[in-house]
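Visitor: Let me give you the structure first, and then I'll get to my questions.
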Amino acid sequence: MDIVDYVYSILKEKDAVLLNAYPGFGKSRIAVAIARKWVNEGGQVLIITRSRAEALQLCEFARQVGIRDKASLFLGRESMCPFNARNSKQCLIYRLSGRCRVGKTKTPLPITTCNPLDLFNDGLCPYEVNEALANQLPIVISTHAYLSSPELYGKIMDIVNSWSKPLVIIDEFHNVAVGLEESVSISIDELRQWASHGNDMAGKLLDKLGNYTPQREVVVLRRFDIDDVLKGSELINDKVIEILTHFGNDLCAFTYDGKLVRLRCLSLRPIHDLIIKSQKALLLTASISKRFSYIMSIYAKPSYYVAVDSLPREHRENLTIISITDIELTHRNRLLREYLDIVNKGIRVFIESSPPIGGLAIFFPSIDYLNSYVNQYAPPVWGVPTFILRDSSETVSVIKAFKESARVTKSLIITYAQNPIGEGVNFLEQELIGVMIIGFPLPQYSQWSFLKSRYYGKLGINGFTTTYLFPAISTTTQIVGRLLRDLDRHRKVAVLFDGRFYRYRKYMPKWLMSRMRPMRLAQFLNAPLWQ
């Protein structure tokens, strides 16, 4: 029995299945294969993935197995519009001005392409076509963004509620497993406007702030009702109302960093309701190891855990994961010159010991840490083409240039752990042969994260592990997972530059933990890493 048949057989018996498998295993293809089986038995399927790019990839897989004509790409208007129209008003302006020449109103069937531009070039609006088809076809492909928007989420739930036999598949589930988090910034001037129009809560916030300038972001108001926000003001940011009405009061707080007030909210409700409304749920991930499977207990449906823990033998032989055990780069010491020098030596060894062709990636836990390092050793020149990626909006162009360079010579990219390059980007052949993570990527402590930890504790799950350790392990897994493509043909190396990686190895997936090789710093500085 292959993995698709095996998972499908369990899904027929259990309400929810959590499949954890290493990056590159083919979970997205499994999602499409399961959807095909479910639809052939008279059901309907909602597949939610992380990004537009991954949704288009799922569409292509659907085309390859012959079910493209049964699937709608239900993405946001801005994602589907060639001109990136943000709303219907802007869309209308483009049409009236003649910039957008969409003329047809009838939706043709079947649609066989996954490229929105093909529909546009045929005189159709890609967004409107797919929105119409989402209410007609048995498979809907969407993204995590639809879970956070009240308007878009409402459309999704209307579709699911109309189905007789709904199956929800959430790909990259680790990104939403512990709830959806959203925030909106509010300037001091906005608060003053609210207060001048009689909003008591705004006045209370201004009183708390005064001339206060905190060293880090702090919580300034925790307990309030939505009526407190709405009372006496018509000038409130619509985004504030959106967040509060969609997220409810699961966990919301106003925070302040000395410049801006932020409304932060965390909620399990959208995902909880979606899973409950569906007859079955299939949740796909590479980062929820067995020790984190307890997270599923916060959802009403009990889940069955399936793990693919072992890499193929040819992959295992070509993957080396080195974990430096005798140094910790904490928030207190990592910016000291002594420790920056140690990091610089480690990076130099990593680069110099690598093959003459191939891509290398250095990941820092934060942009601030990355900038501190680059500023101390700028420009970072080691005789190889070097790309520094700080701004996520530049990800596509920088990665393209980096890949092109890595195919012909040794090339280096320096970025931060939460950048999109660390998850969802596929590197083929020698485009990436080594990664190095500088420091264990724990989220920075804040009063907001402390509130989240307490919130999870009240739900009956470990607050510290869920708030801090889970995202750090998930980030590590995804970064190292970038090496797993074409590993049967190329030797690849990961360096985990902090003793906490090895200390917390039991929380990592078995395929990663089993390949970890502990090494002291002095030994590492003289080690032939790729031999």
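Visitor: Could you size up the charge dipole of the chain around its Cα centre, putting +1 on the beta carbon of Lys and Arg and -1 on that of Asp and Glu, and report it in debye to the nearest 20?
Guide: The calculation lands at about 900 debye.
Visitor: Cα atoms only: what Rg and Dmax, in Å, come out for the chain?
Guide: 24.4, 70
Visitor: Taking H as built 1.01 Å from N, whose amide H comes closer than 5 Å to the amide H of Ile414, not counting residues under 5 places away?
Guide: Ile362, Phe387, Ile388, Leu389
Visitor: Tell me the trypsin sites (Lys or Arg not before Pro) within region 244-341 that lie in a loop according to DSSP and have at most 12 other beta-carbon atoms within 10 Å.
Guide: Lys259, Arg332
Visitor: With +1 on each Lys and Arg Cβ and -1 on each Asp and Glu Cβ, and nothing else charged, work out how big the dipole of region 164-268 is about its Cα centre, in Debye to the nearest 20.
Guide: 280 debye
Visitor: Related question: Can you list residues whose amide H is under 5 Å from Tyr305's amide H, if they're 5+ apart or on another chain and H is modeled 1.01 Å from N?
Guide: Under 5 Å from the amide H of Tyr305 lie the amide H atoms of Leu18, each far enough along the sequence or on another chain.
Visitor: Right, another one. What is the extension gain from Glu317 to His331, computed as 0.36 nm multiplied by their sequence separation minus the C-alpha to C-alpha distance, in nm to one decimal?
Guide: Extending this stretch completely gives an extra 1.5 nm.
Visitor: Here is a follow-up. Over region 312-408, what relative contact order in percent results from Cα pairs under 8 Å that are six or more residues apart?
Guide: 29 percent
Visitor: How much of Leu311 can a 1.4 Å solvent probe reach, expressed as accessible area in Å² and rounded to 10?
Guide: Rounded to the nearest 10, that gives 10 Å².
Visitor: Shifting gears a bit: May I ask you to list the chymotrypsin sites (Phe, Trp or Tyr not before Pro) in region 402-451 that are in a DSSP loop and have at most 15 other Cβ atoms within 10 Å of their Cβ?
Guide: Passing both the DSSP loop test and the Cβ count: Tyr445.
Visitor: Here's another thing I want to ask about it. State whether region 258-380 is rounded, prolate or oblate according to the following rule on the C-alpha gyration tensor (a ≥ b ≥ c being the square roots of its eigenvalues): a/c under 1.5 gives rounded; otherwise a/b larger than b/c gives prolate, and the remaining case gives oblate.
Guide: Oblate shape, in that a/c is at least 1.5 and b/c is the bigger or equal ratio.
Visitor: Identify, among Leu167, Gly179, Ile156, the residue whose Cα sits farthest towards the positive end of the charge dipole of region 136-187, taking +1 on the Cβ of Lys and Arg and -1 on the Cβ of Asp and Glu, with the dipole about the Cα centre.
Guide: Value computed over the given set: Leu167.
Visitor: May I ask you to derive the relative contact order of the chain, considering only C-alpha pairs under 8 Å and at least 6 residues apart, and to give it as an integer percent?
Guide: Once normalised by length, the contact order is 18 percent.
Visitor: Roll a 1.4 angstrom probe over the protein heavy atoms and tell me the percent of accessible area of region 427-489 that is carbon or sulfur.
Guide: 51 percent
Visitor: For region 282-364, build the charge dipole from Cβ charges (+1 Lys, Arg; -1 Asp, Glu) around the Cα centre, then report which of Ile362, Ser293, Pro312 sits farthest towards its positive end.
Guide: Ser293
Visitor: Turning to a different aspect of this structure: Averaged per residue, what accessible area in Å² does region 98-221 show with a 1.4 Å probe, protein chains only?
Guide: Result: 47 Å² per residue.
Visitor: About its Cα centre, how strong a charge dipole does region 414-531 have in debye, to the nearest 20, once Lys and Arg get +1 and Asp and Glu get -1 at the Cβ?
Guide: That gives region 414-531 a dipole magnitude of about 520 debye.
Visitor: For region 144-217, which whole percent of the accessible surface, found with a 1.4 angstrom probe, sits on carbon and sulfur atoms?
Guide: The computed percentage sits at 43.
Visitor: Quick check on my link table: of Lys27/Lys155; Lys27/Lys70; Lys70/Lys165; Lys452/Lys506; Lys458/Lys510, which ones sit more than 18 Å apart, alpha carbon to alpha carbon?
Guide: Listed pairs above 18 Å: Lys27/Lys155; Lys27/Lys70; Lys452/Lys506; Lys458/Lys510.
Visitor: What percent does the relative contact order of region 446-524 come to when contacts are Cα pairs within less than 8 Å and at least six residues apart?
Guide: In percent, rounded to a whole number, it is 19.
Visitor: Another one. I'd like the FRET efficiency for Lys231 and Glu41, computed as 1/(1 + (r/R0)^6) with the beta carbon distance as r and R0 of 60 Å, rounded to 0.05.
Guide: FRET efficiency, Lys231 to Glu41: 0.70.
Visitor: In region 227-276, carbon and sulfur make up what percent of the accessible area (probe 1.4 Å)?
Guide: 45 percent
Visitor: What does the C-alpha gyration tensor say about the overall shape of region 274-339? Classify as rounded when a/c is under 1.5, otherwise prolate if a/b is larger than b/c, or oblate.
Guide: Cα axes put region 274-339 in the oblate bin.
Visitor: Here's another thing I want to ask about it. Quick one: what Rg and Dmax do you get for region 331-480 from the alpha carbons, in Å?
Guide: According to the Cα coordinates of region 331-480, Rg and Dmax are 16.8, 54 Å.
Visitor: Considering only the other residues whose Cβ falls under 11 Å of the Cβ of Ala522, what net charge follows from Lys and Arg at +1 and Asp and Glu at -1?
Guide: With Lys, Arg at +1 and Asp, Glu at -1, the net is +1.
Visitor: I need the Kirkwood Rh of region 339-417: take the reciprocal of the average 1/r across all distinct C-alpha pairs and report it in angstrom.
Guide: When all Cα pairs of region 339-417 are included, the Kirkwood radius is 12.9 Å.
Visitor: Quick one: of the DSSP bridges fully inside the chain, what percent are antiparallel, nearest 5?
Guide: 20 percent
Visitor: Per DSSP helix of 4 or more residues, -39500 (n - 2.57); summed, then divided by the residues of the chain. What does that give at 222 nm, rounded to the nearest 500?
Guide: About -11000 deg cm²/dmol.
Visitor: Enumerate the whole-percent occupancy of each 5 Å bin, from 0 to the last occupied one, for all C-alpha pair distances of region 99-185.
Guide: 2, 11, 20, 18, 17, 16, 9, 6, 1
Visitor: Also, quick follow-up: Scan region 166-225 for GluC sites (Glu not before Pro) in coil per DSSP, keeping those whose Cβ has at most 15 other Cβ atoms within 10 Å, and list them by number.
Guide: Those that pass, being in a loop and sparsely packed, number zero.
Visitor: Taking a ≥ b ≥ c as the square roots of the eigenvalues of the Cα gyration tensor of region 11-132, is the shape rounded (a/c under 1.5), prolate (a/b larger than b/c) or oblate?
Guide: Because a/c hits 1.5 or more and a/b exceeds b/c, region 11-132 counts as prolate.
Visitor: May I ask you to evaluate 6.51 cos²θ - 1.76 cosθ + 1.60, the Karplus curve with θ = phi - 60°, for each residue of region 489-495 and list the ³J(HN,Hα) values in order in whole Hz, giving x for glycine and proline?
Guide: 10, 9, 7, 9, 9, 10, 10
The values are calculated or read from the model by the stated rules, or taken from the named source; none is laboratory data. Quantities reported herein were computed from a predicted structural model and do not represent experimental measurements. Using ideal geometry, Cβ is built from the backbone for each residue, glycine included, and neighbour counts are taken over all protein chains shown. Just so you know, the surface numbers come from the protein's heavy atoms only, side chains and all, with ligands and any DNA or RNA stripped out. Shrake-Rupley method; radii C 1.70, N 1.55, O 1.52, S 1.80 Å.
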